[in-house]
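Some notes on the structure that comes next.
All of the numbers you see were taken from the coordinates with simple rules; none came from a lab. From a predicted model like this one, the values you see are computed outputs, not experimental measurements. No Cβ is skipped: glycine too gets one built from the backbone with ideal geometry, and neighbour counts run over all protein chains shown.
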């Protein structure tokens, strides 16, 4: 019974550490934890019963964590692969070091320690395991923010980490069976721990360097966006200056008509002015201010270009993301769609909340394929010029919110599909995917 209890506790800590290190989809936290806990417990009990602990349990545990984390979280696959081995590495280090220290202090074989002091070792190691799990949960936001980036440098680190994990398994088996002298085992464990420590240092430095490069690229992209915004502000200022000049001329002309007593002409001028004001339009596309702002800035241009615009926007008034980021995403995608709309000239925007993420899909008609020869819109400058405007900047902003931007062609449309994960949403509205 004690073994079963320890198995249940150990796998609960496994599930808790995994839960702490990934971003679970909204309303899926409890099912994920219970499902992972139950699955790992069953795997452990079955493996122990079949006496296949060393051969099957570790790979199956990692595989199950990977599969369930991929289903229930938004994190990237490379990050999930790394996180899947973290509980195993922590547990193996704790058990190996604990058994070794007790064996070294008492000058007794490890197998004797495990048989005579099994309860003590189990309680000690699981207590330390739980404490480390609580610390990881406490600092989870910092760990996830620092670690979850999409860099190619992840993969060598993942392979090396898996090597360290299985090396610890071998050392633990050697330590128990006393296959070699205790001094040699001690030296091997020391070397393995130094290697693991160096990997952690390499990982920290690599992530710090990569994050700095990422931030520099993002700042450069935002600088270009700011330059575009500044130019738009200059154009708006010029338009306001021209409008003031026109208004000054109108009122001066009407004042002259009053002085001359030409009421008939004055009435005609006033009627023309009223008709002009009545042509001004403001559309309410949704409850969200930024959506309304972006679309109202572009609706006149779409009308001039005779582009049919359809929309279905189901988002709350308040979104848990920076308004400037949302403005830039929508502006980039709408400008890209307007500038490259061809054929039947139709643009469709759909926006909705799915679980705890904002999803926006904007598609425009095209008369010829854009992605056929250049699916990434990166290698050919002419393609980027014609249909890549703002996409790279939009992708970078989306990745700040642990999201993504996908582009594809579907039945004569160029489709931009962006998703941004939100921490909290007020007045959530959902639409089927």
Report summary line: FRET efficiency for residue 296 and residue 137 from the Cβ-Cβ distance with R0 = 35 Å, rounded to 0.05, comes out at 0.20
Query raised in the report: What is the Cα centroid distance between the range 343-357 and the range 37-90, reported in whole angstrom?
Result: 38
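Can you sort 295, 40 so the residue with the fewest Cβ neighbours within 10 Å comes first? Write out the running numbers ahead of the final one.
Working: 295 20, 40 25.
Lowest to highest Cβ neighbour count: 295, 40.
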Requested in this report: Obtain the nm distance between the two label points defined at residue 372 and residue 263 by a simple spin-label model: each point lies 7 Å from its Cα along the Cα-to-C-beta direction.
Outcome: 7.0
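Which order results if 62, 397 are arranged by neighbouring Cβ count within 10 Å, fewest first?
On the way: 62 17, 397 26.
Lowest count first: 62, 397.
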Query raised in the report: Residue separation times 0.36 nm, minus the C-alpha to C-alpha distance between residue 400 and residue 77: what's the value?
Result: 114.6 nm
Query raised in the report: Say each of residue 245 and residue 89 gets a label point 7 Å from the Cα, pointing the same way as Cα to Cβ; how far apart are those two points in nm?
Result: 6.7
Report summary line: Rounded to 0.05, the calculated FRET efficiency for the beta carbons of residue 417 and residue 303 at R₀ = 35 Å is 0.85
Query raised in the report: Among 86, 418, 93, which comes first, second and so on when ranked by fewest other beta-carbon atoms within 10 Å?
Result: 86, 93, 418
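Computed FRET efficiency, Cβ-Cβ of residue 45 and residue 112, R0 30 Å: what is it to the nearest 0.05? Could the numbers behind the result be given before it?
Working: r = 26 Å, r/R0 = 0.87.
Rounded to the nearest 0.05, the efficiency is 0.70.
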